[in-house]
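The values are calculated or read from the model by the stated rules, or taken from the named source; none is laboratory data. The shown structure was predicted, so the numbers you read here are calculated from the model rather than taken from an experiment. Glycine gets a Cβ as well: all are built from the backbone with ideal geometry, and neighbour counts include every protein chain shown.
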Amino acid sequence: MECDAPFLKIVGALPRELNGTLYRNGPNPQFDTGSHWFVGDGMLHAFHLENGRASYRNRWVRTPKFLAEHDAGRALFKGFGQKLADAPASAGNDTGAANTNIVSHGGRLLALEEGHPPTEIEPGTLRTLGYQTYDDRLRGPFTAHPKIDPASGEMNFFGYNAGGAFSPAISFGAIDAAGLVTRFDRFDAPYASMVHDFIVTDRHLLFPILPITGSLDRARAGRPPYAWEPDKGAYVGVLKRGSGAADLRWFRGEACYVFHVMNAWEDGDRIIADVMQAEQAPLFTHPDGTPTDAAKSAARLCRWTFDLAARTDRFTRTYLDDVTGEFPRIDERRAGRISDHGWYACANPAPGASRALSGLVHVDGQGARCAQYMLPLGDEISEPVFVARSDDAVEGDGWLLAVVWRARENRSDLAVFNAGDIAAGPVALVQLAHRVPAGFHGNWVGSA
């Protein structure tokens, strides 16, 4: 369903300083094929807040895949680069869904996934403008998690499967604040892996190669294209920003999986990275289709440490909390620098409660829990997005915006929290009459 809701009911009072748009992205399949959640068509949601009022608009991203299936009136693809056996050749082979994130950079609004170039979106209308290849300087996969340097405005990016489907090749590069590609390079990872996120500090890039492996042979045989193979181990490639692929240094660790990074920074000769780590892969099976251990597939906040001066290729891992969580965010003005605040969506730790994300956690710079907020049982929450009170506000002074699904009413709210006091609950709720499908990521774009 696509809709416009120009006048939304508000419970409480929206902060008058919140003037802009929260853009969110997530999968919402036009036609259900029973495929993996990750491959549904991208749907954008725009909550526009201005002078204490709120409006909403949503639109599917009209990718080549979406348009081909719309014209055919049925599904033609089943995801991860695979076409249905009875799909006509005229449908093409572009399976891009643009369904994972949406970022604003260099005057462009970009819908992202991780297998195709960015899809440019017209702000406000959410009209799809098509692939943005930066004057053909950018071809192939582009991460859903580029990192924008808060000082220079440079956007660092990477793309896995850069040599073709299920290949170990990874491309990486940078786009400056004006939207010009300034670097582009490539290397081969130790094996073909699903690399959802990466790590960027003030001076380094880090590429985690973790054992959700990709296999063309498995895909062709009708087995899981991506699967958990812990015997492959964990690798992290470390590279100075601005250096070429030949200077990559590999660190090794025990098998684990990380979908999302909270933040990372340098501490002398060490690099510290706070990540949401699981001991086994969530949402994916072993190569034979058997499930991974659900208890070991729950992510928790974990600190990785890399000692660049030590004579070792190992990195250390230390869990900082025992609460299951995902979708970590910070005050992005501290991205790549040491930070004193972080937030993430968490599961309810109460015995018998669902493993769904149903609360928020606020942590300090050491990962210690400062506060927690839990929704009523059954309700679920999205990734929290931090919005600073003003450009010159101190770190952490602002609000968290998160979409909440109300289970009993089967509809959604946009919840606004005081970022420094989430335990007090939302200061305002923007109420929708319908459900926003469970999505992935979003970002705030302030009014000009």
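A few remarks follow.
- Checking Asp274 against (1) farther than 30 Å from Pro150 by Cα; (2) of a type in the set (Asp, Glu); (3) surrounded by 20 or more Cβ atoms within 10 Å (Cβ to Cβ), the condition it does not meet: (1)
- Qualifying residue in the stretch 93-101 (condition: out of contact with any Gly (no Cβ under 6 Å at 6 or more places or on another chain) and within 30 Å of Pro6 (Cα to Cα)): yes
- In the stretch 49-77, the residues that are buried (at least 18 other Cβ atoms within 10 Å of the Cβ), closer than 28 Å to Pro224 by Cβ and of a type in the set (Lys, Arg): Lys65
- Candidates Ala246, Ala219, Ala227, filtered to the one that is at pLDDT below 95 and of a type in the set (Gly, Ala, Ser): Ala219
- Near pairs, Cβ below 6 angstrom, 6+ apart or cross-chain, from the stretch 120-137 (free of Cβ contacts under 8 Å to residues at least 60 places away in the same chain) to any residue that is part of a loop (DSSP other than H, G, I, E, B): Glu120/Gln132; Leu129/Glu122; Tyr131/Pro117; Gln132/Pro118; Thr133/Pro117
- One residue stands out among those in the stretch 316-344 that are of a type in the set (A, V, I, L, M, F, W, C) and free of Cβ contacts under 8 Å to residues at least 60 places away in the same chain: the one that is farthest from Leu205 (Cα to Cα), which is Val323.
- Pair list, Cβ < 8 Å and 6+ apart or interchain, from the stretch 145-171 residues that are free of Cβ contacts under 8 Å to residues at least 24 places away in the same chain and under 20 Å from Phe327 (Cα atoms) to residues that are β-branched (Val, Ile, Thr) and crowded, with 17+ Cβ neighbours inside 10 Å: Phe157/Thr143; Phe157/Ile175
- Extreme residue, modelled with the highest pLDDT, among residues of the stretch 1-48 that are of a type in the set (Ser, Thr, Tyr) and touching a Lys or Arg at 6+ places or on another chain (Cβ under 8 Å): Thr33
- When the test is whether a residue is touching a residue at least 40 places away in the same chain (Cβ under 8 Å) and under 30 Å from Val430 (Cα atoms), His286 does not pass it.
- Strands (runs of 3 or more DSSP E) contained in the stretch 1-76 and holding at least 1 residues in contact with a helix residue (DSSP H, G or I) (Cβ under 7 Å, 6 or more places away or on another chain): 20-27, 53-60
- Filter result (of a type in the set (A, V, I, L, M, F, W, C) and either at pLDDT below 95 or more than 18 Å from the chain's Cα centre (by Cα) (or both)) within the stretch 150-163: Ala151, Ala162
- Close contacts from the stretch 1-19, counting a first residue that is over 20 Å from Val427 (Cβ atoms) and a second that is surrounded by 17 or more Cβ atoms within 10 Å (Cβ to Cβ), with Cβ to Cβ under 7 Å and a gap of 6+ residues or different chains, come to Glu2/Asn58; Glu2/Arg59; Glu2/Trp60; Cys3/Asn58; Asp4/Arg57; Ala5/Tyr56; Ala5/Leu432.
Each row is one residue, and each column tells you yes or no for (1) at pLDDT 95 or above; (2) within 23 Å of Gly242 (Cβ to Cβ).
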residue	(1), (2)
Gly107	yes, no
Thr125	yes, no
Gly130	yes, no
Ile148	yes, yes
Ala165	no, no
Ala169	yes, yes
Leu180	yes, yes
Asp185	yes, yes
Ala189	yes, yes
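- Filter result for Thr312 (surrounded by fewer than 19 Cβ atoms within 10 Å (Cβ to Cβ) and hydroxyl-bearing (Ser, Thr, Tyr)): yes
- Total residues in the stretch 271-303, condition assigned to a strand (DSSP E or B) and under 14 Å from Ala255 (Cβ atoms): 3
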